[in-house]
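A quick write-up on the structure given underneath.
The values are calculated or read from the model by the stated rules, or taken from the named source; none is laboratory data. None of the values given here were measured: they were computed from a predicted structure. Using ideal geometry, Cβ is built from the backbone for each residue, glycine included, and neighbour counts are taken over all protein chains shown. SASA here: full protein model, heavy atoms, side chains in, ligands and nucleic acids out. Shrake-Rupley method; radii C 1.70, N 1.55, O 1.52, S 1.80 Å.
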Amino acid sequence: MRALLIANSLDADAGFIGDRFRHHGFAFTECHRERPDEWPGLDGVDLVLLLGSEWSVYWPEVASSVAAEVAVITAAQARGVPQFGICFGNQTMAHALGGTVERARQPEVGWYDVVSDVPEVIAEGPWMQWHYDVVTVPPGADELARSEVGPQAWRLGRSFCTQFHPEATETMLAKWAVGVGADELVRLGSSAEQLMAETRANVGVSREGAEHLVDWFLATVVNS
């Protein structure tokens, strides 16, 4: 089965989520946000997976790339192609399908629990978060989980999104927590060392939760 992976060129690791989709027989074609003119069309595509980004949907300097991503999302939604959005992918999907994206009143960076309406499907955590923006879910969508900051998971037809990062691996977090990322953590009262200690403590649980999410998505959302 063929899947498109929409991500930034230097951060295209789909982690636990990608591994689980591959377990179910999906092969990914990477579509880098910096070069949307190189993306293939949706013909023959069985899944679109949209990863996180350091960008914000409303930044004017990335407007053309966001517009290209929105075009894919709306076309996939119209065709009934399943979509799974994570963090920035959640935000572009909300933006594309009639919701909103704005700066959150407070960032969520680190490991957090969420309030889940379906804890047997979306575990209450801990989940990795690294974001400064928040969405309102599109009209007709079912909000399935939330935090004090805003929605954390929602579904609309054959599309599903999380604000948290179910894909996050220890290797991925080690990459995020250096340079600018390390500076962000210090600014927020944390540190790279603290984040990595929490990651080692929590990543086993989140991996199981990520695998369960993909299994549920394929069995329930895709086959709806």
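Can you give me the solvent accessible area of E170 with a 1.4 Å probe, rounded to the nearest 10 Å²?
80 Å²
Pop a pseudo-label 7 angstrom from the Cα along the beta-carbon direction at both T220 and E54 and give the gap in nm to one decimal.
3.6 nm
Just to confirm, what accessible area per residue do you get for segment 5-74 at 1.4 Å probe, in whole Å²?
On the way: 3160 Å² over 70 residues.
Normalised by residue count, the accessible surface of segment 5-74 is 45 Å².
Dimensions of segment 10-53 along principal axes (Cα, Å, largest first)?
That gives 30, 25, 11 Å along the principal axes, largest extent first.
Could you check which residue among A68, A12, A197 shows the biggest mean-square fluctuation in a GNM of the chain with a 10 Å Cα cutoff?
Judging by the Gaussian network model, the answer is A197.
How large is the convex hull of the C-alpha atoms of segment 82-142 per residue, in Å³?
98 Å³
When the chain is modelled as a GNM with alpha-carbon springs shorter than 10 Å, which of Q83, Q91, Q194 fluctuates the most?
Per the Cα network of the chain with a 10 Å cutoff, Q194 tops the list.
Could you give the distance between the Cα centres of segment 1-18 and segment 46-109, to the whole Å?
When both Cα centres are located, 14 Å separates them.
Could you tell me the relative contact order of segment 19-147? Use alpha-carbon pairs under 8 Å, at least six residues apart, and round to a whole percent.
Values: 169 pairs, mean separation 27.6, N = 129.
Rounded, it is 21 percent for segment 19-147.
Place a +1 charge on the Cβ of each Lys and Arg in segment 94-206 and a -1 charge on the Cβ of each Asp and Glu, then give the dipole magnitude about the Cα centre in debye, rounded to the nearest 20. Provide the component values of the computation, followed by the final result.
Numbers: 8 positive and 16 negative charges, 52 e Å.
Roughly 240 debye for segment 94-206.
Where a ≥ b ≥ c are the square roots of the eigenvalues of the C-alpha gyration tensor, would you call the chain rounded, which needs a/c under 1.5, or, failing that, prolate if a/b is larger than b/c, or oblate? Walk me through the numbers before you get to the answer.
Numbers: a/c = 1.38, a/b = 1.25, b/c = 1.11.
Rounded is the answer for the chain, as its axis ratio a/c remains below 1.5.
Shape verdict for segment 127-178, please, from the Cα gyration tensor: rounded (a/c under 1.5), prolate (a/b greater than b/c) or oblate. Walk me through the intermediate numbers first.
On the way: a/c = 3.03, a/b = 1.99, b/c = 1.52.
Taking the square roots of the gyration eigenvalues as a ≥ b ≥ c, segment 127-178 is prolate.
Ignoring ligands, DNA and RNA, what percent of the 1.4 Å accessible area of the chain is carbon and sulfur?
Numbers: 4930 of 9530 Å².
That fraction is 52 percent.
Given a cut-off of under 8 Å on Cα pairs at least six residues apart, what relative contact order in percent is computed for the chain?
19 percent
Give me the accessible area of Y58, 1.4 Å probe, in Å² rounded to the nearest 10.
100 Å²
Please work out how much accessible surface W59 shows to a 1.4 Å probe, ignoring ligands, DNA and RNA, in Å² rounded to 10.
W59 has an accessible surface of roughly 90 Å² with all protein chains in place.
Counting only C-alpha contacts under 8 Å and six or more residues apart, can you give the relative contact order of segment 156-224 as a whole percent? Display every interim value, and only then the final one.
Numbers: 34 pairs, mean separation 33.8, N = 69.
Answer for segment 156-224 is 49 percent.
Looking at H131, V118, G99, which one has the Cα that reaches farthest to the positive end of the dipole of segment 70-132 (charges on Cβ: Lys, Arg +1; Asp, Glu -1)?
Positive-end residue among those listed: G99.
Treating the beta-carbon of each Lys and Arg as +1 and of each Asp and Glu as -1, no other charges, what is the dipole magnitude of the chain about its Cα centre, to the nearest 20 debye?
Roughly 340 debye, rounded to the nearest 20.
If I take R0 = 35 Å and measure r between the Cβ atoms of L188 and V118 in this structure, what FRET efficiency does the formula 1/(1 + (r/R0)^6) give, to the nearest 0.05? Can you show the working numbers first?
Details: r = 30 Å, r/R0 = 0.86.
Plugging the Cβ-Cβ distance into 1/(1 + (r/R0)^6) gives 0.70.
Under 1.5 on a/c is rounded, so check that first for segment 98-224, then, if it is not, pick prolate when a/b is larger than b/c and oblate when it is not; a ≥ b ≥ c are the square roots of the alpha carbon gyration tensor eigenvalues.
On the way: a/c = 2.30, a/b = 1.43, b/c = 1.61.
It is oblate, given that a/c is not under 1.5 and a/b is not larger than b/c.
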